[in-house]
Amino acid sequence: MSQNISDTFALQLQHMRTEVIAQLRAQRGGKIGRAEAAQDRHDVQSGDRAQNEAERDLAMSIDVRETEALTAIDAALKRIAAGSYGLCTACGVDIPTARLHANPTAERCVACQSQLEQARGETHPSM
């Protein structure tokens, strides 16, 4: 992969990283600690316990998804720094640029990703 293309993806990934960190901070209550944010939400909330639990579960799911996204972004940035970005981590072939544009954190080519998902029993309509 050319240096210009790697630089373009690095900038895109850095921007994505900044956004995810901002989302995590907002989800976790900004500058106050996570425990304090949870207590504040608990103090404000009243009434329907099931709704409160559903909101908490949703917040935790969002937090997990954003943390996984941040991990994937950091891994992609490390591959750029190592010069291996754009190569499938499973088989070593070039990952098509169109796939990287659609998913800049992609680690595997479509074939290897499909095999991995089949082995895990996952199904995704699009990659």
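The values are calculated or read from the model by the stated rules, or taken from the named source; none is laboratory data. For clarity, every value in this text was computed on a predicted model and none was experimentally measured. Methodologically, a virtual Cβ is constructed for each residue, glycine included, from the backbone with ideal geometry; neighbour enumeration extends over all protein chains shown. Please note that ligands, DNA and RNA were not included when accessible areas were found on the heavy atoms of the full protein model with its side chains. Shrake-Rupley method; radii C 1.70, N 1.55, O 1.52, S 1.80 Å.
Kindly provide the set of residues from the range 62-94 that are open to solvent by 30 Å² or more (accessible area, probe 1.4 Å) and part of a loop (DSSP other than H, G, I, E, B), ordered by number.
GLY83, SER84, THR89, ALA90, CYS91, GLY92, VAL93
Is it true that THR89 is modelled with pLDDT of 70 or more, in contact with a Gly (Cβ under 8 Å, 6 or more places away or on another chain) and closer than 25 Å to THR8 by Cβ? Can you show your working first?
Details: modelled with pLDDT of 70 or more: yes; in contact with a Gly (Cβ under 8 Å, 6 or more places away or on another chain): no; closer than 25 Å to THR8 by Cβ: yes.
No; evaluated as a whole, the condition is false for this residue.
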